[in-house]
1. May I ask you to list the residues in the range 103-133 that are in a helix (DSSP H, G or I) and surrounded by 14 or more Cβ atoms within 10 Å (Cβ to Cβ)?
2. Looking at (1) open to solvent by less than 70 Å² (accessible area, probe 1.4 Å); (2) without any contact (Cβ under 8 Å) to a residue 24 or more places away in the chain; (3) under 21 Å from P205 (Cβ atoms); (4) not small (G, A, S), which is the one condition that is false for C176?
3. If you go through the range 139-153 one residue at a time, do you hit one that is surrounded by fewer than 12 Cβ atoms within 10 Å (Cβ to Cβ), on the phi < 0 side of the Ramachandran plot and in a loop (DSSP other than H, G, I, E, B)?
4. Residues that are at pLDDT below 95, open to solvent by 50 Å² or more (accessible area, probe 1.4 Å) and over 23 Å from F90 (Cα atoms): find the helices (runs of 4 or more DSSP H) completely inside the range 1-56 holding 3 or more of those.
5. Report, by residue number, each residue of the range 57-95 that is open to solvent by 40 Å² or more (accessible area, probe 1.4 Å), more than 22 Å from R115 (Cα to Cα) and of a type in the set (A, V, I, L, M, F, W, C).
6. Hey, any hits in the range 71-85 for a residue that's under 29 Å from A209 (Cα atoms), free of Cβ contacts under 8 Å to residues at least 12 places away in the same chain and not in a helix (DSSP H, G or I)?
7. For the structure I just gave you, tell me whether A145 is in contact with a Leu (Cβ under 6 Å, 6 or more places away or on another chain) and at pLDDT 95 or above.
8. Open to solvent by less than 70 Å² (accessible area, probe 1.4 Å) and among the hydroxyl-bearing types (S, T, Y): does that describe T161?
Amino acid sequence: MTQRDLDDEEDGFPEWVDRVKANVAGEVRRRRKEKGWSAQDLADRCERLGHPIPRNVIANMESGRRASLPLVDVMVLAAALETYPASLIFPVGYVETTQELPFQDLVPTWDALRRFTGEQEVAGYDAGLVPDFETHAGLVSTALAALEEADRARFTAEAATGPAQREEAERRRTKCADQAISAKYHLRYLRRDLRDDGATPPDLPPALADVDPPEDDTTTTPEDRL
């Protein structure tokens, strides 16, 4: 071992790198064996995904002999094993504690995973547009559910055998329709704000195609067009 190796170990950097690689290697091996696959089976699946990782590379990684572990390999290995990259890096339930960055203390793997995915906020960190996209997904879900419920209420009203049943169904249809309009209204302005920030909003399902106004439509208000 060279003096440089000794200095690096004292700095703690290799320990962190090795720990991350060991987490991935151990979880890849565990999941591979759980599926009853050989290293060649896993290599074949990686190749079918378009990023070959030879059997000997997988074997060397699992045994700790591989010097590096590219991010692209982690992504493809996760897909081949039908899991998420974060689940390989932070094997919750199989590795009790881990180190998030060099020079940091060991922390519960569950906490490290939640910070890695952004589920647990870290003071001063910028989540980018993730919160906006989460809000967008929630509004889409709300709008679709309200539209579906409004349709059911309309069918109930049409099939009603008495005025009371028809009136109750119409009240429910109106309420759901209003909920859908509100969600679509907020969606429209959220998508506009995303575009103003230079971002591309997520695709909308066909049922919400009227959320985005025509580019040349400037004669009516957004509420009128929903």
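The values are calculated or read from the model by the stated rules, or taken from the named source; none is laboratory data. Remember, it's a predicted structure, so these values are computed and weren't measured experimentally. Every residue, glycine among them, receives a Cβ derived from its backbone with ideal geometry; neighbour counts consider all protein chains shown. Accessible surface areas use protein heavy atoms only, side chains included; no ligands, DNA or RNA. Shrake-Rupley method; radii C 1.70, N 1.55, O 1.52, S 1.80 Å.
1. Within the range 103-133, the first condition is being in a helix (DSSP H, G or I), and the residues that meet it are 109-117, 130-133.
Correct list: T109, W110, D111, A112, L113, R114, R115, F116, D132, F133.
2. Among (1) open to solvent by less than 70 Å² (accessible area, probe 1.4 Å); (2) without any contact (Cβ under 8 Å) to a residue 24 or more places away in the chain; (3) under 21 Å from P205 (Cβ atoms); (4) not small (G, A, S), the lone unmet condition for C176 is (2).
3. Taking the range 139-153 and keeping what is surrounded by fewer than 12 Cβ atoms within 10 Å (Cβ to Cβ), we get 141.
Among the residues that remain, those that are also on the phi < 0 side of the Ramachandran plot are: 141.
With in a loop (DSSP other than H, G, I, E, B) added as a condition, the list becomes none.
No; the residues of the range 139-153 include none that is surrounded by fewer than 12 Cβ atoms within 10 Å (Cβ to Cβ), on the phi < 0 side of the Ramachandran plot and in a loop (DSSP other than H, G, I, E, B).
4. Working: elements: 3-11, 13-34, 39-48.
Fully inside the range 1-56 and qualifying: 3-11.
5. The answer is A67, and nothing else.
6. Among the residues of the range 71-85, not one is under 29 Å from A209 (Cα atoms), free of Cβ contacts under 8 Å to residues at least 12 places away in the same chain and not in a helix (DSSP H, G or I), which makes the answer no.
7. Values: in contact with a Leu (Cβ under 6 Å, 6 or more places away or on another chain): no; at pLDDT 95 or above: yes.
For A145, the condition - in contact with a Leu (Cβ under 6 Å, 6 or more places away or on another chain) and at pLDDT 95 or above - is not met.
8. Values: open to solvent by less than 70 Å² (accessible area, probe 1.4 Å): no; among the hydroxyl-bearing types (S, T, Y): yes.
The answer is no for T161.
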